1. Can you compute the modelled spin-label distance between HIS337 and ARG15, with each label point 7 Å from Cα toward Cβ, in nm?
2. Go through region 416-491 and name the GluC sites (Glu not before Pro) that are in a DSSP coil and have 16 or fewer other Cβ atoms within 10 Å of their Cβ.
3. Share of Cα-Cα pairs in the chain beyond 28 Å, in percent?
4. Quote the FRET efficiency, to the nearest 0.05, computed for ALA173 versus HIS80 with a Förster distance R0 of 35 Å and r equal to the Cβ-Cβ distance.
5. For the chain, give the magnitude of the charge dipole about the Cα centre (Cβ charges: +1 Lys/Arg, -1 Asp/Glu; no others), in debye to the nearest 20.
6. I'd like the Kirkwood hydrodynamic radius of region 227-438, using the inverse of the mean 1/r over distinct C-alpha pairs, in Å.
7. Give the distance, in whole Å, between the Cα centre of region 5-57 and the Cα centre of region 68-91.
8. For the pairs LYS451/LYS474; LYS369/LYS473; LYS187/LYS473; LYS187/LYS369; LYS343/LYS369; LYS187/LYS362, note any where the Cα-Cα span goes beyond 27 Å.
Amino acid sequence: MIEPFQPAAHADFLRDESRRTGTADRIAFPRTESEVLEALAEARANRMPVTTQGARTGIAAGAVPEGGLVLNLSRMDQIHAPRGNAVRVQPGASLDAVRAALPPHLYFSPDPTETTASIGGMISCNSSGALSYLYGPTRNHVLGLRVATVSGEILDLRRGRDKADGLRFRLGALSGTLPPLPRPAVKNAAGYFTDPHMDLVDLFIGSEGTLGVVTEATLRLLPAPGAVWGLMAFLPSSSAAAGFVDALRQSSRGGPAPLAAIEYFDSRALRFLGEHAEELASQGISVPPLREGASCIYAEWHAPAAPAAEAALMAAAELLPGFGADPDASLLADNPHDIEKLKLFRHAVPELVNSAIDERRKIHPGLVKLGTDMSVPDSRLADVLALYGADLAASGLEHLVFGHIGANHLHVNILPRHPADYAAGRALYDRWAAQVIAWGGSIAAEHGIGKLKRDLFRQMAGEESIRKMRDLKKLFDPGWLLNPGTLLEGP
């Protein structure tokens, strides 16, 4: 099953959406759990590092190998028929495929921007997306996992059944004590999750494949909302957008319908979309009328029926004049077709950024974009927007800002034109990270740490927490074979 790595045939498996490229000696495409165990046994016998991959849609280089064996799980894509409020899937199944396999009355809510992401990859970095504002990240929707350990065991974990005794735990032949690891009180996908009396399934969610290989997941399904309505509003400035978001969050508490998402696009992101409107149209994506110089907020409500969604949307629209916005200039979506139109162009932004960088790499090989993934407490939303705005204006760097503003989680994308731009952008990134950490925020809200953010993670977590995480990894992976260099530096 394991075969030599052939650069001509397997070049795509040396990279992910981070645009970083690695090296590999061997590659395997298992289809079953037993084939995963077989591959791990060979890696163990030959002390060969293993890089686990799914759809390679991640942007933190977690799936980029640094020698050894590539264990690509994309062919483990079986989806069982749903039973009750759950469905069993193999890790290589894509989010698109899982959604398509569900009957109309059932709903799997995690929604990373890239819907071709694999379920295993989503579990690996505890991914989220716009709708995590209401439904929470992937962790909230995993009922069970089957995990292959590097020692050759299969751990069959069920939420509510397999729990730690305080911080003590036993998993098959493994037993030990979980280290207490502090976490920032914001949206966060950085490091191992540990808590007293925790469900042990949560130890593997967000561990970025460094403790074991997920071979099957049991996912929690929700009743599909009866009505989904959206509002796209244009605000005169980023500070007005932040004020509107605060008002929207407060007014929605106890409102007629739950607020499911609040998304943000700055004026540069809107202009960038407008400049590529013709290209997007050729892909079947229509860019709605956009106001020049405005920031944009997209809000979405999920309700049992249309009247409740309409009431919630109208209440939000009434807030707009207080922030210098015209409700009549807003765009309303009250049916699945119009909702999809508004969402498609949001998803187009990062794809267009990647395409632009790929063109620049033809002149400057090795050039990559810089994209932040930081979140802050509610009280610091206006501050972080002001920080980004002032520094970027002074830098002269090409940039755009978008993201999940409801969770105070924005993606600053810097598009370097040459290596000097990248160096200047990296200096800004480091400065922002230090400030976000000082504010009690996270440097990785949804994309994980991968291989690109280890230094920032060390700064956020501190040396003592890093040491405790390394000890926990050694317990599960004494030879440090699983995804070495991802999340934690090598032994």
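Quick note: the coordinates plus some simple rules give every number you see, no bench work behind them. The shown structure was predicted, so the numbers you read here are calculated from the model rather than taken from an experiment. Every residue, glycine as well, gets a Cβ built from its backbone with ideal geometry; the counts of neighbours run over all protein chains shown.
1. 3.9 nm
2. Working: sites: GLU446, GLU463, GLU464, GLU489; in loops: GLU446, GLU489.
Here the sparse-neighbourhood loop sites are GLU489.
3. On the way: 63694 of 120295 pairs.
In whole percent, the share of Cα-Cα pairs in the chain beyond 28 Å is 53.
4. Numbers: r = 28 Å, r/R0 = 0.81.
After rounding to 0.05, the efficiency reads 0.80.
5. Details: 48 positive and 55 negative charges, 250 e Å.
Its charge dipole is roughly 1200 debye.
6. Working: mean 1/r = 0.0557 Å⁻¹.
Here the Kirkwood hydrodynamic radius works out to 17.9 Å.
7. The two parts, judged by their Cα centres, are 17 Å apart.
8. Numbers: LYS451/LYS474 18 Å; LYS369/LYS473 31 Å; LYS187/LYS473 24 Å; LYS187/LYS369 23 Å; LYS343/LYS369 23 Å; LYS187/LYS362 36 Å.
In this structure, LYS369/LYS473; LYS187/LYS362 lie more than 27 Å apart at Cα.
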